[in-house]
Each structure stands twice: as structure tokens, then as C-alpha cells.
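Please read through the structure below; I'll follow up with questions.
The values are calculated or read from the model by the stated rules, or taken from the named source; none is laboratory data. Quick caveat, the model's predicted, so the values are computed rather than measured. We place every Cβ from the backbone using ideal geometry, glycine too, and count neighbours over all the protein chains shown. The accessibility values were calculated without ligands, DNA or RNA, using every heavy atom of the protein model including side chains. Shrake-Rupley method; radii C 1.70, N 1.55, O 1.52, S 1.80 Å.
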Amino acid sequence: QHAGYKTFLGGNIGTPLFTKLPEMEPNDIVVLELSSFQLMNMHVSPDIAVITNITPNHLNIHKDYQEYIDAKKNIFKYQNEKNTLILNYDNDITRKCSKEAKGKVIFFSSRENLNNGYIYDRKDEAIKYCKDGVFTEVLKRQDIKLRGVHNYENICAALAATSSLTDIKTQVEAIKEFNGVEHRLEFVRELAGVKYYNDSIGTSPASTIAGLNSFEENIVLLAGGSD
């Protein structure tokens, strides 16, 4: 949006995108979250695909972990050489997905200094772009309103996903203004010296742990769920 595109956002987060189809035009941008259940039976992949990580999930529905992994891979399985796949270098499964990619692959990492891709440098506390072993600082942690390494990794993925659509200056402006999404480490209020955060989107152990790791303060976790 910040780059001037007409955009549509969809997924397990509100308005069904099918209701917006009459408004869409060929040059519009659709940003769509796809679950493993949706991907299982898909035989088409988006122009730009992102897999942030793959960890055991929804195994009460999938027959086994491999079926879950194979479902996730459908997001890039039907791409062509003109398409782009963004992958987390730090996750063993997503890193290996690059071997099956048909198009351009862009990695992101918060643990490795990549020769090419986007990294969050924990030592310098900055997001950097890497090309042929040369590092260019994009923005510092203190310029970002979000907290937690997982969010800095998400920003790396977003930079990679939009790199062919706009310029770095526009990307940085948008990131600096971004306040995060509802229900994801969303600050609610402070009462009697206690800060309350709503993290109800943290619906898996991995996402909840990532949320907890975003805090250096003492934490009291109020949690519920089926498992």
C-alpha cells in the first residue's frame, strides 16, 4: 500500500477474499495467508511465495508430519522460473526446500551471515541486505516498533517478498510506521505496574515460545487450549 499499489489482505484474519474478487484488477497485489489445509489440494502457486518456518503442527488433522510438510510445499511446487520463493535459512526443512524450487530463491536468517539474502544481525541489532558477501544496513532495531527476533525475521521475509515490487526507501518507511497486528503481542494496558499483552494469535507452541522470547522482563503467562 505504501508503494501505491491497490492491495488485498486475506487469510485466517478476517474478511474472506472471495467477497473482494469483483473489486480486483490484474495489477493489484493480493497478500494471502494459506494454511496447510488449504494448500493440500492446491495445484497452483503464487508468483511470490513465503515460508517462514515449518514445525510440527495440526498433526491431529494430518495423517503424519510428512503430509503436513508436503502440503506446505504446495505453495511453491507449481511456480515457474519467473517466480520467487522466500525461505527461512535457519529452519532445516525450509532451507532444504530450496533444492525443489523452480524459480528464484531468497533466504533470510537471524543466525547466519548469508552471502545473499536478508539477515537480522543480533550483534549489531540491525537488519541487513547481503549481496555477494557485501552487507548493507537497512534499518536498526530501535527504528522498529515491533519486539522480538521472530518479528525481525518476519521483516526480513517481507523485505525479500516485496523487493521486486518497490524500492528500499519505501520499504523502510512502511516498516518504521508499522505497529503490528491485532492479537499478536498486542499491548492492552498497564495496571498497577503490570503490562498486559494480548497474544491470542499465538495458537501453537512455537509461536507462543517466540512471543515469550520477545520479553526480557519477568513474565506471568496466562494460557489455555486443547493440548
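Can you find, within the stretch 210-227, the residue that is nearest to S110 (Cα to Cα) among those that are modelled with pLDDT under 90 and part of a helix (DSSP H, G or I)?
Here the residue is A210.
Further, regarding this structure: Out of (1) part of a helix (DSSP H, G or I); (2) open to solvent by less than 80 Å² (accessible area, probe 1.4 Å), the odd one out for L165 is which?
(1)
Would it be correct to say that T94 is surrounded by 14 or more Cβ atoms within 10 Å (Cβ to Cβ) and either farther than 26 Å from E173 by Cβ or at pLDDT below 95 (or both)?
Yes.
V188 is checked against (1) touching a residue at least 40 places away in the same chain (Cβ under 8 Å); (2) over 24 Å from T52 (Cα atoms); (3) of a type in the set (A, V, I, L, M, F, W, C) and fails just one. What number does that condition carry?
Only one criterion is unmet by V188, namely (1).
Name the one entry in F135, F215 that is farther than 21 Å from G11 by Cα, surrounded by 14 or more Cβ atoms within 10 Å (Cβ to Cβ), more than 19 Å from the chain's Cα centre (by Cα) and not small (G, A, S).
Numbers: F215 fails: surrounded by 14 or more Cβ atoms within 10 Å (Cβ to Cβ).
Among F135, F215, only F135 is farther than 21 Å from G11 by Cα, surrounded by 14 or more Cβ atoms within 10 Å (Cβ to Cβ), more than 19 Å from the chain's Cα centre (by Cα) and not small (G, A, S).
Ok, one more. Of all residues in the stretch 40-49 being farther than 22 Å from T162 by Cβ and open to solvent by 90 Å² or more (accessible area, probe 1.4 Å), which is modelled with the lowest pLDDT?
N41
Check the stretch 151-166 and report whether any residue there is farther than 22 Å from L32 by Cβ and modelled with pLDDT of 95 or more.
Going through the stretch 151-166, the residues farther than 22 Å from L32 by Cβ turn out to be 152.
Checking the rest, the ones that are also modelled with pLDDT of 95 or more come to 152.
Yes.
Per-residue answers, yes or no, for (1) closer than 24 Å to G103 by Cα; (2) touching a residue at least 40 places away in the same chain (Cβ under 8 Å); (3) open to solvent by 80 Å² or more (accessible area, probe 1.4 Å):
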site: K6; (1), (2), (3): no, no, yes
site: P26; (1), (2), (3): yes, no, yes
site: V31; (1), (2), (3): yes, no, no
site: Q38; (1), (2), (3): yes, no, yes
site: I51; (1), (2), (3): yes, yes, no
site: P56; (1), (2), (3): no, no, yes
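Yes or no, residue by residue, for (1) in a loop (DSSP other than H, G, I, E, B); (2) polar (S, T, N, Q):
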{"residue": "N41", "(1), (2)": "yes, yes"}
{"residue": "I54", "(1), (2)": "yes, no"}
{"residue": "L59", "(1), (2)": "yes, no"}
{"residue": "K73", "(1), (2)": "no, no"}
{"residue": "K82", "(1), (2)": "yes, no"}
{"residue": "R95", "(1), (2)": "no, no"}
{"residue": "S98", "(1), (2)": "no, yes"}
{"residue": "K102", "(1), (2)": "yes, no"}
{"residue": "E112", "(1), (2)": "yes, no"}
